[in-house]
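The values are calculated or read from the model by the stated rules, or taken from the named source; none is laboratory data. Computed from a predicted structure; not experimentally measured. With ideal geometry, Cβ positions are generated from the backbone for all residues, glycine too; neighbour counts draw on all protein chains shown.
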Amino acid sequence: MTTVPTSRRWAVRLEPYKVVRWLAVVVIAVLFAFPLYWVVVTAFQSHNGVFSLPPRFFPAFHGDAFLYVVDHTDWARFMLNTVFVAGTTVLLVLVTSALAGYALAELTFRGRGVVFFLVLAVIMLPAQALLIPQYAVALHLHLLNTYAIQIVPFAASTFGVILFRQFFKGLPRAYWEAARLEGVGHLRYIWRVAVPLARPAVVTVALLTFITAWNQFQWPLIMTTSTSIQPIEVALSHYMQTFEANWRKLASAVLLALLPIVVLFLALQRHIVAGVAGRDSGVNT
(Lines give C-alpha, C1' and ligand atoms only; values in the text may rest on other atoms or scores of the structure.)
Protein backbone atom coordinates (compact mmCIF):
# COMPACT_ATOMS: atom_id res chain seq x y z
CA MET A 1 0.00 0.00 0.00
CA THR A 2 1.47 3.32 -1.08
CA THR A 3 1.23 6.40 1.10
CA VAL A 4 0.71 9.92 -0.19
CA PRO A 5 3.52 12.30 0.81
CA THR A 6 2.57 14.88 3.42
CA SER A 7 3.25 17.80 1.07
CA ARG A 8 0.89 16.35 -1.53
CA ARG A 9 -1.82 15.75 1.07
CA TRP A 10 -1.59 19.42 2.11
CA ALA A 11 -1.77 20.47 -1.54
CA VAL A 12 -4.95 18.45 -2.00
CA ARG A 13 -6.44 19.94 1.16
CA LEU A 14 -5.58 23.52 0.20
CA GLU A 15 -6.82 23.28 -3.37
CA PRO A 16 -10.54 23.77 -2.56
CA TYR A 17 -9.56 26.74 -0.41
CA LYS A 18 -7.70 28.28 -3.34
CA VAL A 19 -10.70 27.78 -5.60
CA VAL A 20 -13.01 29.49 -3.12
CA ARG A 21 -10.53 32.32 -2.66
CA TRP A 22 -10.20 32.97 -6.36
CA LEU A 23 -13.96 32.82 -6.82
CA ALA A 24 -14.34 35.43 -4.09
CA VAL A 25 -11.71 37.62 -5.75
CA VAL A 26 -13.48 37.37 -9.10
CA VAL A 27 -16.88 38.18 -7.59
CA ILE A 28 -15.52 41.22 -5.72
CA ALA A 29 -13.67 42.42 -8.83
CA VAL A 30 -16.83 42.16 -10.94
CA LEU A 31 -18.87 44.06 -8.33
CA PHE A 32 -16.34 46.89 -8.27
CA ALA A 33 -15.83 46.98 -12.05
CA PHE A 34 -19.48 46.75 -13.08
CA PRO A 35 -20.39 50.43 -12.41
CA LEU A 36 -17.51 51.56 -14.63
CA TYR A 37 -18.50 49.03 -17.27
CA TRP A 38 -22.07 50.28 -17.17
CA VAL A 39 -20.85 53.85 -17.73
CA VAL A 40 -18.98 52.61 -20.81
CA VAL A 41 -22.09 50.80 -22.07
CA THR A 42 -24.25 53.89 -21.52
CA ALA A 43 -21.79 56.23 -23.23
CA PHE A 44 -21.56 54.07 -26.37
CA GLN A 45 -25.22 53.07 -26.38
CA SER A 46 -27.80 54.35 -28.80
CA HIS A 47 -30.39 56.83 -27.52
CA ASN A 48 -33.19 54.26 -27.47
CA GLY A 49 -30.89 51.57 -26.11
CA VAL A 50 -30.27 53.50 -22.89
CA PHE A 51 -33.94 53.27 -21.89
CA SER A 52 -34.66 49.84 -23.35
CA LEU A 53 -36.15 47.06 -21.20
CA PRO A 54 -34.69 44.59 -20.61
CA PRO A 55 -31.43 46.60 -20.44
CA ARG A 56 -28.71 46.05 -23.02
CA PHE A 57 -25.48 44.95 -21.40
CA PHE A 58 -23.27 45.43 -24.45
CA PRO A 59 -22.33 48.78 -26.02
CA ALA A 60 -23.53 49.64 -29.51
CA PHE A 61 -20.41 51.80 -30.17
CA HIS A 62 -22.18 55.03 -31.06
CA GLY A 63 -19.68 57.86 -30.57
CA ASP A 64 -21.86 60.89 -31.30
CA ALA A 65 -22.29 61.67 -27.58
CA PHE A 66 -18.51 62.09 -27.21
CA LEU A 67 -18.38 64.42 -30.20
CA TYR A 68 -21.19 66.52 -28.75
CA VAL A 69 -19.44 66.90 -25.39
CA VAL A 70 -16.17 67.94 -27.03
CA ASP A 71 -17.67 70.28 -29.65
CA HIS A 72 -20.56 71.93 -27.76
CA THR A 73 -19.09 72.50 -24.30
CA ASP A 74 -16.04 74.19 -22.78
CA TRP A 75 -14.51 70.78 -22.32
CA ALA A 76 -11.03 71.78 -23.48
CA ARG A 77 -10.94 74.70 -21.05
CA PHE A 78 -11.93 72.53 -18.09
CA MET A 79 -9.36 69.91 -19.07
CA LEU A 80 -6.57 72.49 -19.34
CA ASN A 81 -7.50 73.89 -15.94
CA THR A 82 -7.35 70.42 -14.42
CA VAL A 83 -4.04 69.56 -16.06
CA PHE A 84 -2.49 72.84 -14.90
CA VAL A 85 -3.73 72.50 -11.32
CA ALA A 86 -2.84 68.80 -11.04
CA GLY A 87 0.56 69.19 -12.71
CA THR A 88 1.60 72.16 -10.59
CA THR A 89 0.43 70.41 -7.43
CA VAL A 90 2.49 67.33 -8.29
CA LEU A 91 5.66 69.39 -8.79
CA LEU A 92 5.22 71.22 -5.50
CA VAL A 93 4.42 68.04 -3.59
CA LEU A 94 7.51 66.29 -4.95
CA VAL A 95 9.74 69.19 -3.91
CA THR A 96 8.29 69.61 -0.42
CA SER A 97 8.05 65.86 0.22
CA ALA A 98 11.64 65.20 -0.85
CA LEU A 99 13.03 68.06 1.25
CA ALA A 100 10.97 67.24 4.34
CA GLY A 101 11.53 63.51 3.99
CA TYR A 102 15.29 63.98 3.70
CA ALA A 103 15.37 66.30 6.72
CA LEU A 104 13.46 63.79 8.86
CA ALA A 105 15.58 60.87 7.65
CA GLU A 106 19.13 62.22 7.50
CA LEU A 107 19.45 65.49 9.40
CA THR A 108 19.91 65.56 13.16
CA PHE A 109 18.17 68.44 14.92
CA ARG A 110 16.36 69.03 18.17
CA GLY A 111 12.70 68.04 18.05
CA ARG A 112 12.95 65.82 14.97
CA GLY A 113 10.79 63.16 16.57
CA VAL A 114 8.18 65.74 17.55
CA VAL A 115 8.07 67.09 14.01
CA PHE A 116 7.58 63.60 12.61
CA PHE A 117 4.81 62.96 15.13
CA LEU A 118 3.07 66.18 14.04
CA VAL A 119 3.31 65.07 10.41
CA LEU A 120 1.62 61.81 11.34
CA ALA A 121 -1.01 63.68 13.36
CA VAL A 122 -2.05 65.68 10.29
CA ILE A 123 -3.33 62.47 8.71
CA MET A 124 -5.86 62.08 11.52
CA LEU A 125 -7.44 65.49 10.85
CA PRO A 126 -10.56 65.23 8.63
CA ALA A 127 -10.38 67.73 5.80
CA GLN A 128 -14.06 68.64 6.13
CA ALA A 129 -13.52 69.85 9.70
CA LEU A 130 -11.12 72.53 8.44
CA LEU A 131 -13.21 73.87 5.56
CA ILE A 132 -14.67 76.86 7.41
CA PRO A 133 -11.39 78.20 8.87
CA GLN A 134 -9.63 77.55 5.55
CA TYR A 135 -12.33 79.45 3.70
CA ALA A 136 -11.94 82.36 6.13
CA VAL A 137 -8.18 82.40 5.61
CA ALA A 138 -8.56 82.30 1.82
CA LEU A 139 -11.10 85.12 1.99
CA HIS A 140 -8.80 87.40 3.99
CA LEU A 141 -5.85 86.60 1.73
CA HIS A 142 -7.96 87.37 -1.38
CA LEU A 143 -7.27 83.93 -2.82
CA LEU A 144 -10.86 82.92 -3.54
CA ASN A 145 -11.67 82.14 -7.16
CA THR A 146 -8.01 81.80 -8.19
CA TYR A 147 -5.71 79.03 -9.36
CA ALA A 148 -3.60 79.55 -6.24
CA ILE A 149 -6.35 78.46 -3.86
CA GLN A 150 -6.62 75.18 -5.78
CA ILE A 151 -2.87 74.53 -5.63
CA VAL A 152 -1.16 76.06 -2.58
CA PRO A 153 -3.17 74.25 0.17
CA PHE A 154 -2.19 70.91 -1.41
CA ALA A 155 1.48 71.72 -2.06
CA ALA A 156 2.57 69.42 0.79
CA SER A 157 1.60 65.80 1.36
CA THR A 158 1.97 63.89 4.61
CA PHE A 159 1.97 60.61 2.71
CA GLY A 160 4.72 61.92 0.43
CA VAL A 161 6.86 63.05 3.37
CA ILE A 162 6.52 59.69 5.11
CA LEU A 163 7.25 57.69 1.95
CA PHE A 164 10.32 59.73 1.03
CA ARG A 165 11.55 59.50 4.61
CA GLN A 166 11.37 55.72 4.53
CA PHE A 167 13.26 55.51 1.24
CA PHE A 168 15.95 57.97 2.33
CA LYS A 169 16.48 56.08 5.58
CA GLY A 170 17.27 53.00 3.49
CA LEU A 171 20.08 54.70 1.58
CA PRO A 172 23.58 53.71 2.69
CA ARG A 173 25.28 56.40 4.75
CA ALA A 174 28.40 55.87 2.64
CA TYR A 175 26.72 57.67 -0.28
CA TRP A 176 26.46 60.88 1.71
CA GLU A 177 29.99 60.51 3.07
CA ALA A 178 31.37 60.13 -0.46
CA ALA A 179 29.35 63.10 -1.69
CA ARG A 180 30.58 65.26 1.19
CA LEU A 181 34.21 64.42 0.32
CA GLU A 182 33.50 65.73 -3.17
CA GLY A 183 32.22 69.00 -1.70
CA VAL A 184 28.56 68.29 -2.45
CA GLY A 185 26.02 69.99 -0.17
CA HIS A 186 22.74 68.61 1.09
CA LEU A 187 20.53 70.15 -1.62
CA ARG A 188 22.70 68.93 -4.46
CA TYR A 189 22.95 65.49 -2.86
CA ILE A 190 19.16 65.28 -2.62
CA TRP A 191 18.47 66.08 -6.27
CA ARG A 192 21.49 64.37 -7.82
CA VAL A 193 21.73 61.22 -5.69
CA ALA A 194 18.91 60.59 -3.20
CA VAL A 195 15.89 61.41 -5.36
CA PRO A 196 17.03 59.38 -8.43
CA LEU A 197 17.61 56.38 -6.18
CA ALA A 198 14.11 56.80 -4.71
CA ARG A 199 12.48 56.53 -8.13
CA PRO A 200 9.58 54.27 -6.96
CA ALA A 201 8.72 56.80 -4.25
CA VAL A 202 8.82 59.64 -6.78
CA VAL A 203 6.50 57.81 -9.18
CA THR A 204 4.14 56.72 -6.41
CA VAL A 205 3.82 60.16 -4.84
CA ALA A 206 3.49 61.85 -8.24
CA LEU A 207 0.78 59.51 -9.49
CA LEU A 208 -1.28 59.44 -6.29
CA THR A 209 -1.02 63.23 -5.98
CA PHE A 210 -2.05 63.65 -9.61
CA ILE A 211 -5.07 61.38 -9.15
CA THR A 212 -6.10 63.21 -5.97
CA ALA A 213 -5.71 66.63 -7.59
CA TRP A 214 -7.54 65.48 -10.71
CA ASN A 215 -10.50 64.21 -8.67
CA GLN A 216 -10.84 67.31 -6.48
CA PHE A 217 -14.49 68.35 -6.31
CA GLN A 218 -15.56 69.71 -2.93
CA TRP A 219 -12.65 72.14 -2.52
CA PRO A 220 -12.84 73.89 -5.93
CA LEU A 221 -16.64 73.86 -5.78
CA ILE A 222 -16.51 75.89 -2.53
CA MET A 223 -13.47 78.05 -3.28
CA THR A 224 -14.20 78.99 -6.91
CA THR A 225 -17.18 80.43 -8.75
CA SER A 226 -15.83 81.18 -12.23
CA THR A 227 -16.06 78.40 -14.80
CA SER A 228 -12.93 79.79 -16.49
CA ILE A 229 -10.71 78.35 -13.72
CA GLN A 230 -12.75 75.41 -12.45
CA PRO A 231 -11.54 71.81 -12.97
CA ILE A 232 -13.25 68.99 -14.78
CA GLU A 233 -14.92 67.43 -11.74
CA VAL A 234 -16.84 70.64 -11.07
CA ALA A 235 -17.73 70.75 -14.77
CA LEU A 236 -19.35 67.33 -14.44
CA SER A 237 -21.71 68.73 -11.81
CA HIS A 238 -22.64 71.48 -14.27
CA TYR A 239 -23.24 68.89 -16.97
CA MET A 240 -25.66 67.03 -14.70
CA GLN A 241 -27.88 70.12 -14.90
CA THR A 242 -27.17 70.87 -18.57
CA PHE A 243 -27.72 67.37 -19.93
CA GLU A 244 -30.49 66.52 -17.41
CA ALA A 245 -31.73 63.05 -18.45
CA ASN A 246 -29.34 62.63 -21.37
CA TRP A 247 -27.34 59.87 -19.75
CA ARG A 248 -25.29 59.15 -22.87
CA LYS A 249 -23.72 62.61 -22.89
CA LEU A 250 -23.17 62.61 -19.14
CA ALA A 251 -21.56 59.16 -19.26
CA SER A 252 -19.37 60.30 -22.16
CA ALA A 253 -18.21 63.30 -20.15
CA VAL A 254 -17.40 61.02 -17.19
CA LEU A 255 -15.32 58.70 -19.38
CA LEU A 256 -13.41 61.60 -20.92
CA ALA A 257 -12.60 62.88 -17.43
CA LEU A 258 -11.59 59.42 -16.23
CA LEU A 259 -9.48 58.35 -19.19
CA PRO A 260 -6.20 60.22 -18.35
CA ILE A 261 -5.87 58.87 -14.81
CA VAL A 262 -6.82 55.34 -15.89
CA VAL A 263 -4.09 55.36 -18.53
CA LEU A 264 -1.55 56.72 -16.05
CA PHE A 265 -2.48 54.18 -13.41
CA LEU A 266 -2.27 51.23 -15.80
CA ALA A 267 1.10 52.42 -17.09
CA LEU A 268 2.65 53.04 -13.67
CA GLN A 269 0.91 50.60 -11.34
CA ARG A 270 4.07 48.48 -11.02
CA HIS A 271 5.93 51.46 -9.56
CA ILE A 272 3.09 52.16 -7.14
CA VAL A 273 3.27 48.64 -5.73
CA ALA A 274 7.06 48.88 -5.45
CA GLY A 275 6.86 52.30 -3.81
CA VAL A 276 4.23 51.41 -1.23
CA ALA A 277 5.93 48.08 -0.46
CA GLY A 278 9.24 49.86 0.01
CA ARG A 279 11.03 47.75 -2.61
CA ASP A 280 13.05 48.52 -5.72
CA SER A 281 14.72 51.60 -4.33
CA GLY A 282 17.58 51.17 -6.73
CA VAL A 283 20.01 50.34 -3.91
CA ASN A 284 21.33 46.99 -2.85
CA THR A 285 21.99 47.16 0.87
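Tabulated data
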item: So Ser46, is it modelled with pLDDT under 80, small (Gly, Ala, Ser) and loosely packed, with under 12 Cβ neighbours inside 10 Å; result: no
item: Residues of the stretch 127-154 satisfying the condition of being within 18 Å of the chain's Cα centre (by Cα) and either surrounded by fewer than 15 Cβ atoms within 10 Å (Cβ to Cβ) or acidic (Asp, Glu) (or both); result: Ala127
item: Residue check for Leu266: in the same structural domain as Ser157 (by TED's automatic domain parsing), crowded, with 17+ Cβ neighbours inside 10 Å, at pLDDT 75 or above and part of a helix (DSSP H, G or I); result: no
item: Which numbered condition Val85 misses (of (1) in contact with a Phe, Trp or Tyr (Cβ under 7 Å, 6 or more places away or on another chain); (2) under 23 Å from Asn215 (Cβ atoms); (3) surrounded by fewer than 16 Cβ atoms within 10 Å (Cβ to Cβ)); result: (3)
item: Flag if Gln166 is out of contact with any Cys (no Cβ under 7 Å at 6 or more places or on another chain) and closer than 27 Å to Leu221 by Cα; result: no
item: Residue satisfying condition, being in contact with a Leu (Cβ under 8 Å, 6 or more places away or on another chain) and either more than 23 Å from Thr204 (Cα to Cα) or of a type in the set (Val, Ile, Thr) (or both), within set Ile151, Ile123, Ile132; result: Ile151
item: Test: residue in the stretch 163-185 that is in contact with a Leu (Cβ under 7 Å, 6 or more places away or on another chain) and closer than 27 Å to Leu99 by Cα; result: yes
item: Qualifying positions in the stretch 64-82 - crowded, with 16+ Cβ neighbours inside 10 Å and among the hydrophobic types (A, V, I, L, M, F, W, C); result: Ala65, Phe66, Val69, Trp75, Phe78, Met79
item: Qualifying positions in the stretch 158-190 - of a type in the set (A, V, I, L, M, F, W, C), under 19 Å from Leu107 (Cα atoms) and surrounded by 14 or more Cβ atoms within 10 Å (Cβ to Cβ); result: Val161, Ile162, Leu163, Phe164, Phe167, Phe168, Leu171, Trp176, Ala179, Val184, Ile190
item: Which numbered condition Phe84 misses (of (1) part of a helix (DSSP H, G or I); (2) touching a residue at least 60 places away in the same chain (Cβ under 8 Å); (3) touching a helix residue (DSSP H, G or I) at 6+ places or on another chain (Cβ under 7 Å); (4) under 24 Å from Thr204 (Cβ atoms)); result: (3)
item: Contacts under 7 angstrom Cβ, first residue in the stretch 97-123 being among the small types (Gly, Ala, Ser), partner surrounded by fewer than 17 Cβ atoms within 10 Å (Cβ to Cβ), 6 or more apart; result: Ala105/Lys169
item: Wholly within the stretch 167-242, helices (runs of 4 or more DSSP H) carrying at least 1 residues that are closer than 30 Å to Asp71 by Cα, free of Cβ contacts under 8 Å to residues at least 40 places away in the same chain and more than 25 Å from the chain's Cα centre (by Cα); result: 232-242
item: Checklist (1) in the same structural domain as Ile190 (by TED's automatic domain parsing); (2) over 23 Å from the mean Cα position of the chain (by Cα); (3) in contact (Cβ under 8 Å) with a residue 24 or more places away in the chain applied to His72, failing item; result: (3)
item: Tally, over the stretch 212-231, of residues that are at pLDDT 90 or above and β-branched (Val, Ile, Thr); result: 4
